[in-house]
Amino acid sequence: MNVSINWLSAMLGRSIDPRDAANRLAMLCVPVDSVEPLFEELNDVVVATVESVKRHPDADRLTVCQVNDGSTTIEVVCGAPNVTAGKKYPYAAVGSVLPGGLTLTARKIRGIVSNGMLLSEREMQLGTDHTGIMELATDAAPGTKLVDALRLADTRLELDVTANRPDLLGHKGVARELGASLGVPAKLEPIPDAPPEGPPPVTSNGPAKVGGIEVAIEDVEGCPRYMAAVIRGVKVAPSPTWLQARLRSVGARPINNVVDATNYILFELNQPLHAFDLAKIRDARIVVRAARAGEHMTTLDGEKREFQAGMTLICDGKGATAIGGVMGGGESEVSDETTDILLECAYFDPKRIRATRKALKLTTDASYRFERGTDFMAMPDVMRRAVALIRAVAGGDEPEPAVDVYPKPAKSRTVFLRPDRVAHVLGISVASDVAQQLLTSVGFVVAPKQNRLAVQVPGWRPDVTREVDLIEEVARLHGYDQFPTELRPYRPSSVPDDPVEPLKARARRVLTGLGLHEARSVSLVGAGEAQAQGIVNPMSLEEAYLRESLLPGLVRSAQRNWSVRERDIRLFEIGVVFHESGAGRQPDETLRLAGVLSGAGTPPHWSAAGKSQDYDEWDLKYIFGEAVRVCGAEGEIVEDDAGWLLRDAAGNTRGWARELRADQPAWAAPLYGFELDIVVGRQRGMRYEPVPSTPPVERDLALVLPPGVEAGDVESVIVSAASELLETATVFDEYRTSDLLGRSVAWRLVFRARDRTLKDREVDKIVSRVLKLLKDKLGVERRQA
């Protein structure tokens, strides 16, 4: 959402600093993506009067103009056909820098030197028209800066508006939020030369007439409320400077005074409007009804569109004339010859609009707002202001009040707020009068009721439906930065965590401990990458499929690091991948862990004796093994030609690790990667063991191992022969001599009983059994001193 600082300043009655406004909005949970000064590149352009125009002696399509820039008269060669003596145009002198970085110089054109340039809309990036020079309807004297004459100097804020806050899609909603922070009320700016607002619309629960046009709603579900006003005697022409400036400040292109007036209301009050040429409404009838399959219409963009059954249409006596809430039709469009108009102000069902927009693949400013919900209750005030604005900029009269067809009137929602509940949820006490003041500052109507507040929710806040929503508003307006930072007493939940969460947390601890950084990549990929299933309505071709592997996203992250000459890369990701499960079925989802490694295994340090060693395949194998250990994957890591595989008992591959192929610079180290399934439910929970309260009994055994006998084999026999009293068996020495046939390996055996103190004879009996079994199975004997 583009917001004009000048527009907000006019509503709040004070000069607003753009950076301060951005910070205040961010603290109110309305993040600002950018703060952009507007039209600074037009500071060299001035208003100039063309005093005379004559044909170029050596070119039929060129003219030579004498241009008064306020200080002198300059000769300019021009190729546009619409330059007329006595009128004013934008002029840039020699040395001026135009948008795009072009610096003007004096140039000889067919033998005549042209000193500067008369400019079109496109050359100044004020529009797309390049057919002629931009004619200025202004009283500004020659030499006046164009940005001052057209009121273009402004700053634009780009807001990141979430779907649940449609009120922030209009300047009044943004001004309301800023006003609450600044402690000043937000008011609509006066309309210059506006006539007094007319009477409110006449409400009817059935068909009604205005200006000889019958208005009726047949599709009440798709359009619960429809208002229409007739304005006669308008003159379609360019809009006044102030109105064009407001539209340009938010990135909209001025068209004519009637259309510009409807767009002004759109950006001011977040209410889309539509103007019909009254003379083009057939059979003097407007009906809001559901479309019938096969109906079609040519829309304002010149496209012929066919409708599906159930779409909401605005029809006259002969057929469709507009797609409700999306776009008007070409046949009823306002043109330069229009003198009478019918102005529409309606509320359309958000779900219906979204379905229509998706089916027709047609997104407009109107559909964007209707999908999120407009202010159902403010429509009468919007209609009165819109009529006054059109009459101010295009003339005309409103012979009779507008009609308001409203079959099923709705009441404002009331939600109760308990101060005790506010304190319980937020952890701090907020006095009842403070909560009342905070909510009132953004338009809620609050009435104290014994130990609670009755809060009437305004129509522009469809997201507030429960008490917890009001508590969130109190917290937001109080300021999250005002909450204490210390940890307060709390009661832990009795609901256990999802088993996968401790597993993911453990994987993160282990991998970050190994020096890796967690990354997040988009689960959508383009054609040619690892993909599982196509998306029905992708945002772009680069995100048209569900991913089948995590590694492509990590490889892209590695390439981005290389692009900024970052050589050392250690990334991992925990995420879901998708696999096709059959036609007409949702894809299967698998949780996986993946990582990529390249460059130095440790960060550089001045104390290092030399350069840190790069990762190699053995580092990869170790990290892969640690990942297998913490992810609950059962199976065996086996080597293959490309690297290592993790195979389960059935022989299925559950993970792999190898060197990856990537588009990498010559100075980059090899890129290694691994990926494996995360298996939930295979991990043993942590078990508490108290510190032993009884003493241990230790025995050292020096055993002679014949050639070919491994220490692991000996330890397995020791553990199997000893009872549960054996606590640990540890190798602590190895001895080799020519006197021995083999080698001597010494073990330290620690025995302990949890419930009593062991006696030597108990332990000696166990040791004797161990020695006998070792001799019988492996030929291992105790070494004699």
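For I109, the amide hydrogen comes within under 5 Å of the amide hydrogens of S114, counting only partners 5 or more places away or on other chains and with H modelled in the peptide plane. For the stretch 541-675, the Kirkwood radius over C-alpha pairs fed into Stokes-Einstein at 20 °C and 1.002 mPa s yields D = 130 µm² per second.
What the Cβ-Cβ distance of T203 and S494 gives, at R0 = 45 Å and to the nearest 0.05, is a FRET efficiency of 0.25.
The C-alpha radius of gyration of the stretch 340-379, expressed as a fraction of 2.2 N^0.38 Å, stands at 1.27.
For the chain, the mean residue ellipticity at 222 nm estimated from helices alone is -7500 deg cm²/dmol, where every DSSP H run of n ≥ 4 contributes -39500 (n - 2.57) and the total is divided by all residues, rounded to the nearest 500.
Across the stretch 414-553, counting alpha-carbon atoms alone, Rg and Dmax equal 23.1, 66 Å.
In the assembled protein chains, R385 presents an accessible area of approximately 20 Å² (probe radius 1.4 Å). Computed with the Debye formula from one identical point scatterer per Cα of the stretch 344-454, without solvent, the log10 of I(q)/I(0) at q = 0.13, 0.17 Å⁻¹ comes to -0.81, -0.98.
Against the longest alpha carbon principal axis of the chain, how many degrees, from 0 to 90 and to the nearest 10, is the axis of helix 432-441 turned? Around 50 degrees separate the two axes.
P(r) tail for the stretch 469-518, what percent of Cα pairs lie past 16 Å? Result for the distance tail: 69 percent. Across all directions, the average flat footprint of the convex hull enclosing the Cα atoms of the stretch 339-405 is 5.7 nm². Between helix 18-27 and the chain there is an angle of about 50 degrees, using the helix long axis and the longest principal axis of the Cα atoms.
Here is the size of the stretch 1-140 from its Cα atoms: Rg then Dmax, 19.5, 65 Å. The trypsin sites (Lys or Arg not before Pro) of the stretch 284-316 that DSSP puts in a loop, and whose beta carbon has at most 16 other beta carbons within 10 Å, are R292. Using the Cβ-Cβ distance between N537 and T730 with R0 = 56 Å, the FRET efficiency computed as 1/(1 + (r/R0)^6) comes to roughly 0.35. Using the empirical formula 2.2 N^0.38 Å as the baseline, the Cα radius of gyration of the stretch 13-61 reaches a ratio of 2.33. Computed with a 1.4 Å probe over protein heavy atoms only, the accessible area of V445 comes to about 80 Å². For K504, a cut-off of 29 angstrom between C-alpha atoms picks up these lysines, skipping any fewer than 8 places away in its own chain: K621. The Rg/Rh ratio for the stretch 619-758, using Cα coordinates for both the radius of gyration and the Kirkwood hydrodynamic radius, is 1.13. Remark: spin-label model distance E626-Q456 equals 6.4 nm, labels positioned 7 Å along the Cα→Cβ axis. How big is Rg to Rh over the stretch 627-693, alpha-carbon atoms, Rh as the Kirkwood inverse-mean-distance radius? Expressed as Rg/Rh, it is 1.20. Eigenvalues of the alpha-carbon gyration tensor of the chain, scaled by 5 and square-rooted, set the equivalent ellipsoid semi-axes at 74, 37, 27 angstrom, largest first.
Per residue, the chain exposes 52 Å² of accessible surface when a 1.4 Å probe is rolled over the protein heavy atoms with every protein chain present. With only Cα atoms counted, the stretch 695-785 has Rg and Dmax values of 13.3, 46 Å.
The three principal axes of the Cα atoms in the stretch 96-216 give end-to-end lengths of 74, 46, 31 Å, sorted in falling order.
Once neighbouring chains are kept in place and the probe is 1.4 Å, which whole percent of the accessible area of the chain is contributed by carbon and sulfur? Within the chain, the accessible surface is 48 percent carbon and sulfur. Between helix 617-630 and the chain there is an angle of about 90 degrees, using the helix long axis and the longest principal axis of the Cα atoms. Shape index of the stretch 281-423: Rg/Rh, with Rg the Cα radius of gyration and Rh the Kirkwood radius from the inverse mean 1/r over Cα pairs, equals 1.04. A Förster distance of 51 Å, applied to the separation of the beta-carbon atoms of E659 and V434, puts the FRET efficiency at 0.20.
Tell me which trypsin sites (Lys or Arg not before Pro) from the stretch 73-124 have a DSSP coil assignment and no more than 13 other beta carbons within 10 Å of their own. When the trypsin sites (Lys or Arg not before Pro) of the stretch 73-124 are filtered for loop state and at most 13 Cβ neighbours within 10 Å, R110 remain. In the chain, excluding the sites themselves, the longest stretch lacking any of the chymotrypsin sites (Phe, Trp or Tyr not before Pro) that are in a DSSP loop with at most 11 other Cβ atoms within 10 Å is 1-489. Taken over the alpha carbons of the stretch 85-127 as equal point scatterers, the Debye sum produces base-10 log I(q)/I(0) values at 0.25, 0.32 Å⁻¹ of -0.95, -1.12. Charge dipole (Cα centre; +1 on Lys/Arg Cβ, -1 on Asp/Glu Cβ; no other charges) of the chain amounts to roughly 1380 debye.
Normalised by 2.2 N^0.38 Å, where N is the number of residues, the C-alpha radius of gyration of the stretch 657-723 stands at 2.20. Tell me which GluC sites (Glu not before Pro) from the stretch 711-746 have a DSSP coil assignment and no more than 10 other beta carbons within 10 Å of their own. Qualifying residues, ordered by number: E724.
Put simply, the amide H of H274, placed in the peptide plane, has neighbours under 5 Å in E344, leaving out anything fewer than 5 places away on its chain.
Here the stretch 489-591 is treated as a Stokes sphere of Kirkwood radius computed over C-alpha pairs; at 10 °C and 1.306 mPa s its diffusion coefficient rounds to 99 µm²/s. Couplings 3J(HN,Hα) for the stretch 240-253, derived from phi with the Karplus relation 6.51 cos²θ - 1.76 cosθ + 1.60 (θ = phi - 60°), are x, 4, 4, 6, 4, 5, 4, 5, 5, 5, 9, x, 8, 9 Hz, where x marks Gly and Pro. Here's how it looks for I678: its modeled amide H is under 5 Å from those of L591, R592, L593, which are all 5 or more places away or on a different chain. In the context of the full protein assembly, K772 retains an accessible surface of approximately 130 Å², using a probe radius of 1.4 Å and ignoring ligands and nucleic acids.
The values are calculated or read from the model by the stated rules, or taken from the named source; none is laboratory data. Computed from a predicted model, the values in this text were never measured in an experiment. Heads up, the Cβs are rebuilt from the backbone with ideal geometry, glycines too, and the neighbour counts pull from every protein chain shown. These accessible areas exclude ligands, DNA and RNA; they are computed on the full protein's heavy atoms, side chains included. Shrake-Rupley method; radii C 1.70, N 1.55, O 1.52, S 1.80 Å.
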